[in-house]
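Engineer: I'd like to ask some things about the structure below.
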């Protein structure tokens, strides 16, 4: 059964469902425009832990537990976990998922990791490798600043092009479409019903325009976002008019402007349908985030709390979710290397039937 479409995309004949999503965020995120939509908001950004890294792991574990509970399934029903974060060796995910005892694939796509995780979860479910898959990612302002820039105690000044790493974790349960599973001997499946399907995926390429400014990630990622969006149009035989929203992960104010220019140069005007999670999760005027939000958690918590409910209700029939990532490390940046970008496209649609 060939489900490939065009050069980089997949179109699922039996599209898997997103049956639940959960979001856990920090205190600053809770004060933003989406504050009332998140499942859990910490009173402080340590979540009872002693370090930023432990706090991020705690967020991931809590988001996973919440998503499983919302789906009304058991941990043992999840075949594979796909997860990642921004930290070295993916320690936030490995430490956070440890107690769940779910077979795990550790991922790194920088801030595009939620897209990568959802793509692989959907592909695995659609291929029949398991009934339920768990996709999760996270980021933390304190751990990201410590890893990529300066410790918070240094109190350095941030340029206006900089973005604020979201302290948050989003987790998603993806379910195979054509199953009638039972939870045990003679016990009927009580899993949550869903009206949200992942109908396609456009896997992104690494795009590098030679930019080296780690404090202007929006500019580094915008070319990759443009490449993936345009390739999705070409592979799927669609245009911007076929989506209610085209949603990027964390381009911020500067990256958004570049995206519009690059897309217009390729014959597409996406301005009326575009939304950027980095410009949605925070209020730039009152929260002093400069160019907007960023981080793996930025796209993930916005998808879980704001985007999916609109698709579930049918307010948006079809969206193209495009998490964006700046593929840098402390080593590459300190050695003067450029910052390549990548973006993955996830086609999410409302469906009348339920899983």
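Engineer: Please work out which residue is modelled with the lowest pLDDT, limiting yourself to the range 280-304 and to residues that are touching a helix residue (DSSP H, G or I) at 6+ places or on another chain (Cβ under 8 Å) and surrounded by fewer than 24 Cβ atoms within 10 Å (Cβ to Cβ).
Structural biologist: Filtering the range 280-304 for residues that are touching a helix residue (DSSP H, G or I) at 6+ places or on another chain (Cβ under 8 Å) and surrounded by fewer than 24 Cβ atoms within 10 Å (Cβ to Cβ), the one modelled with the lowest pLDDT comes out as 290.
Engineer: Next question, about the same structure. Cβ contacts < 6 Å: first residue farther than 15 Å from residue 296 by Cβ, restricted to the range 51-66; second residue surrounded by fewer than 24 Cβ atoms within 10 Å (Cβ to Cβ), any location; separation 6+ or different chain. Result?
Structural biologist: 58/47; 58/49; 66/39
Engineer: For residues that are surrounded by fewer than 20 Cβ atoms within 10 Å (Cβ to Cβ), modelled with pLDDT under 95 and either touching a helix residue (DSSP H, G or I) at 6+ places or on another chain (Cβ under 9 Å) or assigned by TED's automatic domain parsing to the domain that holds residue 303 (or both), tally how many sit in the range 75-89.
Structural biologist: 2
Engineer: Being within 29 Å of residue 254 (Cα to Cα) and modelled with pLDDT of 60 or more narrows it down to one residue among 155, 171, 191, 177; which is it?
Structural biologist: Every option except 171 fails the conditions.
Engineer: Here's another thing I want to ask about it. Checking the structure you have, find out if any residue of the range 40-48 is under 20 Å from residue 308 (Cβ atoms), at pLDDT 95 or above, crowded, with 21+ Cβ neighbours inside 10 Å and not assigned by TED's automatic domain parsing to the domain that holds residue 296.
Structural biologist: No: zero hits.
Engineer: Answer yes or no as to whether residue 28 is over 16 Å from the mean Cα position of the chain (by Cα), surrounded by fewer than 19 Cβ atoms within 10 Å (Cβ to Cβ) and assigned to a helix (DSSP H, G or I). It would help to see each step written out before you state the result.
Structural biologist: Working: over 16 Å from the mean Cα position of the chain (by Cα): yes; surrounded by fewer than 19 Cβ atoms within 10 Å (Cβ to Cβ): no; assigned to a helix (DSSP H, G or I): yes.
In short, no.
Engineer: Take the conditions farther than 23 Å from residue 272 by Cα, touching a helix residue (DSSP H, G or I) at 6+ places or on another chain (Cβ under 9 Å) and at pLDDT 95 or above and apply them to residue 207. Does it pass?
Structural biologist: On the way: farther than 23 Å from residue 272 by Cα: yes; touching a helix residue (DSSP H, G or I) at 6+ places or on another chain (Cβ under 9 Å): yes; at pLDDT 95 or above: yes.
Answer is yes for this residue.
Engineer: Test residue 285 against the stated conditions and say whether it is within 26 Å of residue 138 (Cα to Cα), outside the structural domain of residue 168 (by TED's automatic domain parsing) and without any contact (Cβ under 8 Å) to a residue 60 or more places away in the chain.
Structural biologist: Against the criterion (within 26 Å of residue 138 (Cα to Cα), outside the structural domain of residue 168 (by TED's automatic domain parsing) and without any contact (Cβ under 8 Å) to a residue 60 or more places away in the chain), residue 285 qualifies.
Engineer: Which strands (runs of 3 or more DSSP E) sit wholly inside the range 58-147 and have at least 2 residues that are in contact with a strand residue (DSSP E or B) (Cβ under 8 Å, 6 or more places away or on another chain) and closer than 19 Å to residue 281 by Cβ? Show your work before the answer.
Structural biologist: Working: elements: 78-84, 104-107, 132-139.
The qualifying strands (runs of 3 or more DSSP E) are 132-139.
A quick yes/no check of all residues on (1) surrounded by 16 or more Cβ atoms within 10 Å (Cβ to Cβ); (2) at pLDDT below 95:
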{"residue": "308", "(1), (2)": "yes, no"}
{"residue": "313", "(1), (2)": "no, no"}
{"residue": "320", "(1), (2)": "yes, no"}
{"residue": "324", "(1), (2)": "yes, no"}
{"residue": "339", "(1), (2)": "yes, yes"}
{"residue": "344", "(1), (2)": "yes, no"}
{"residue": "350", "(1), (2)": "yes, no"}
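Engineer: Got a number for residues in the range 249-261 being buried (at least 17 other Cβ atoms within 10 Å of the Cβ) and either at positive phi or out of contact with any strand residue (DSSP E or B) (no Cβ under 9 Å at 6 or more places or on another chain) (or both)?
Structural biologist: So the count comes out to 3.
Engineer: Where in the range 263-355 are the helices (runs of 4 or more DSSP H), entirely inside, with at least 2 residues that are under 28 Å from residue 173 (Cβ atoms) and in contact with a strand residue (DSSP E or B) (Cβ under 8 Å, 6 or more places away or on another chain)?
Structural biologist: 296-302, 308-313
Engineer: Any idea which of 97, 92, 15 is surrounded by 19 or more Cβ atoms within 10 Å (Cβ to Cβ), more than 21 Å from residue 324 (Cβ to Cβ) and modelled with pLDDT under 95?
Structural biologist: Selected residue: 97, the only one of 97, 92, 15 that is surrounded by 19 or more Cβ atoms within 10 Å (Cβ to Cβ), more than 21 Å from residue 324 (Cβ to Cβ) and modelled with pLDDT under 95.
Engineer: If you don't mind, another one. Hey, any hits in the range 213-230 for a residue that's in contact (Cβ under 8 Å) with a residue 12 or more places away in the chain, part of a helix (DSSP H, G or I) and more than 18 Å from residue 327 (Cα to Cα)?
Structural biologist: The answer is yes, given that some residue of the range 213-230 is in contact (Cβ under 8 Å) with a residue 12 or more places away in the chain, part of a helix (DSSP H, G or I) and more than 18 Å from residue 327 (Cα to Cα).
The values are calculated or read from the model by the stated rules, or taken from the named source; none is laboratory data. Note that the structure is predicted; figures quoted are calculated from it, not measured. Cβ sites come from the backbone with ideal geometry, for glycine too, and all protein chains shown count toward neighbours.
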